Amino acid sequence: MKASDIFVKALESEGVEYIFGIPGEENLDFLNSLRNSSIRLILTRHEQAAGFMAATYGRLTGKAGVSLATLGPGATNLVTAAAYAQLGAMPMVMITGQKPIKSSKQGRFQIVDVVDMMRPLTKYTRQIHGADSIPAHVREAFRVAEDERPGASHLELPEDIASDNSDMPVIQKSLFRCPVADNRSIEAAIEMIEHAECPVLLIGAGANRKRTCDRLQAFVEKTGIPFFSTQMGKGVVDEQSPLFLGTAALSTDDFLHRAIDHADLIINVGHDVVEKPPFFMKENCARVMHVNYITATIDPVYYPQLGVIGDIASSIERLTAQIEPQPKWDFAYLLEVKKKLETHLQERADDPHFPMYPQRLVAEMRKVMPDDGIIALDNGVYKIWFARNYKAYQPNTILLDNALATMGAGLPSAMAASLVYPERKIVAICGDGGFMMNSQELETAVRLNLNLVILVLRDNAYGMIKWKQTNMGFADFGLDYNNPDFVKYAQSYGAHGYRIVTSDELAPRIRTCFSEPGVHVIELAVDYTDNDRILNKEIRMLSRSFD
């Protein structure tokens, strides 16, 4: 059998539904083998977007998404997506082509060492040297990508190897289960929790697994312990809960940090130091328990006193079964902090000012989104407002990146979500800067007949950096630009385009877009002039004067 046919059959055995990417000359044997496969090729307009889509597919399904590129420039265009998946713990397998390795008459044309280039950005990277090794390499790439902690894998398939022949059978997918925590650590955790006077639960991205979500919900219901989340842990437990204290969108000096400072134990479930720190450990702070698949990476602001290492769902299930709520637990102060925070979150939530304030934007989006609707955020200062102000009711209903925090991922992520959940309402929320980094994928979205709303927030500047520039006391310089007419731009791709001119128009427009098929682009002017005052000064002042 032809080697490229074996490769595709191995992918089919892994349950691959889609391959996102752009083939090149060196992929043509593989592309021809894919032609008669059950796997659907999603042809994109840039390899980076293909990688973002594959990574998001992995995030949503737990199965490795697959991206495809040719050698050289095609492969280098996957680098940002590789880092996105690796830092964000999203399972993804990248396949790149290469010139013939047994004999080649093209010298070093287009050749870079892609395997070594991918080494620091992946869990596994290999060049396939012979057709007989394809089944083993494919199985291992998927196993490593999907094992905890998930991440990126890479396989390079040279052109001459792809055209070889082999009789090696496909290796079937094996069942692997994560080891469970030992009894002593579970017993120590129960003792630590029951001896605390004011424990609090922190939910991180590593807890965002279906089995874990259900068990954490049961833990909260039985114990009554209040909880908060990291940005990538939002929605693991329903944030409509009266025990939800908020999201650590900032690392310090928010209302939430008053509750953290008051607690004497933080039960940290699934947090990863790759994320922006949700709090800083310091002398005389609460004790911290690390519940995760892997041991804690110690750094100056995170050095937990107890590790419960193993399958998180199993650990939480055992803790829930054995723990007894304690009469001495006192959460009154934490819930008072919650009330103050909720009051602050309502400020400007219905302000008619236009361009729209970010607080009003978040409030309007929460009103129009169904419980299972998904918003996919690009990277910009609005991400902080959504992380802090937007309540997620279900897992993976707010897709944001707080690991690599790259621009350009919002639209491709929303497109992947639309493929995985075609029946759900999906909105990409992008700053004008991030949107233009992969806006060419509008053509892909239209070609795929996706039902998708894209909200482009226009401030004609790199707003996140402007916020930081102001906070550091620097002059306003070097961050402003012009934009196209986004309405006409959308229409040129065959999408629908709209421009919002009053704050009251946004919610009705999105509802109308939800009721009509197709790709809808909405341009919305936003006002970030108070970002520095509110995020850097007002919140800090109000939270410090809480008592």
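The values are calculated or read from the model by the stated rules, or taken from the named source; none is laboratory data. What you see is a predicted model, and the numbers here were worked out from it, not measured in a lab. Every residue, glycine as well, gets a Cβ built from its backbone with ideal geometry; the counts of neighbours run over all protein chains shown.
Conditions tested, residue by residue: (1) without any contact (Cβ under 8 Å) to a residue 12 or more places away in the chain; (2) within 24 Å of Phe331 (Cβ to Cβ); (3) buried (at least 24 other Cβ atoms within 10 Å of the Cβ); (4) of a type outside the set (A, V, I, L, M).
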| residue | (1), (2), (3), (4) |
| --- | --- |
| Glu194 | no, yes, no, yes |
| Gly204 | no, yes, yes, yes |
| Lys222 | no, yes, no, yes |
| Ser229 | no, yes, yes, yes |
| Ala248 | no, yes, yes, no |
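Report yes if Ser185 is farther than 29 Å from Ala248 by Cβ and hydroxyl-bearing (Ser, Thr, Tyr), otherwise no.
On the way: farther than 29 Å from Ala248 by Cβ: no; hydroxyl-bearing (Ser, Thr, Tyr): yes.
So Ser185 fails the test.
Can you tell me which residues in the range 351-384 are free of Cβ contacts under 8 Å to residues at least 40 places away in the same chain, surrounded by fewer than 23 Cβ atoms within 10 Å (Cβ to Cβ) and part of a helix (DSSP H, G or I)?
Correct list: Gln359, Ala363, Arg366.
Would you mind stating whether Leu411 is modelled with pLDDT of 95 or more, over 29 Å from Phe255 (Cα atoms) and assigned to a loop (DSSP other than H, G, I, E, B)? Working first, answer last.
Values: modelled with pLDDT of 95 or more: yes; over 29 Å from Phe255 (Cα atoms): yes; assigned to a loop (DSSP other than H, G, I, E, B): no.
Considered against the rule, which asks whether it is modelled with pLDDT of 95 or more, over 29 Å from Phe255 (Cα atoms) and assigned to a loop (DSSP other than H, G, I, E, B), Leu411 comes out as no.
Tally the residues that are of a type outside the set (A, V, I, L, M), touching a residue at least 24 places away in the same chain (Cβ under 8 Å) and buried (at least 17 other Cβ atoms within 10 Å of the Cβ), restricting the search to the range 444-469.
Number of matching residues: 8.
If you check Phe386 against the conditions, is it over 26 Å from the mean Cα position of the chain (by Cα), at pLDDT 95 or above and among the aromatic types (Phe, Trp, Tyr)? Give the derivation first.
Numbers: over 26 Å from the mean Cα position of the chain (by Cα): no; at pLDDT 95 or above: yes; among the aromatic types (Phe, Trp, Tyr): yes.
No.
Select from the range 280-311 the residues that are of a type in the set (D, E, K, R) and in contact with a strand residue (DSSP E or B) (Cβ under 7 Å, 6 or more places away or on another chain) and list them in ascending order.
Here is the first cut: in the range 280-311, the residues of a type in the set (D, E, K, R) are 282-283, 287, 299, 311.
Within the range 280-311, just Arg287 meets the criteria.
Does the range 139-163 hold any residues that are surrounded by 23 or more Cβ atoms within 10 Å (Cβ to Cβ), part of a helix (DSSP H, G or I) and touching a Phe, Trp or Tyr at 6+ places or on another chain (Cβ under 9 Å), and which are they?
Within the range 139-163, Ala141, Ala145, Ala162 qualify.
Looking only at the range 494-547, how many residues end up being among the hydroxyl-bearing types (Ser, Thr, Tyr), without any contact (Cβ under 8 Å) to a residue 40 or more places away in the chain and over 20 Å from Ser418 (Cβ atoms)?
Matching residues across the range 494-547 total 2.
Please list, ordered by first then second residue, the pairs with beta carbon atoms under 6 Å, 6 or more apart or interchain, first in the range 323-350 and over 28 Å from Glu364 (Cα atoms), second part of a helix (DSSP H, G or I) and charged (D, E, K, R).
That search, which allows pairs on different chains as well, returns Gln326/Glu194.
From the list Val200, Val236, Val180, which residue is touching a residue at least 60 places away in the same chain (Cβ under 8 Å), over 30 Å from Pro100 (Cα atoms), among the aliphatic types (A, V, I, L, M) and in contact with a Cys (Cβ under 7 Å, 6 or more places away or on another chain)? Outline the logic, then answer.
Details: Val200 fails: in contact with a Cys (Cβ under 7 Å, 6 or more places away or on another chain); Val180 fails: in contact with a Cys (Cβ under 7 Å, 6 or more places away or on another chain).
Within the list Val200, Val236, Val180, the selection yields Val236.
Checking the conditions here, which among Thr512, Thr470 is at pLDDT below 95, of a type in the set (S, T, N, Q) and part of a helix (DSSP H, G or I)? Quick ask: steps written out before the conclusion?
Working: Thr512 fails: at pLDDT below 95.
Criteria check complete, one pass: Thr470.
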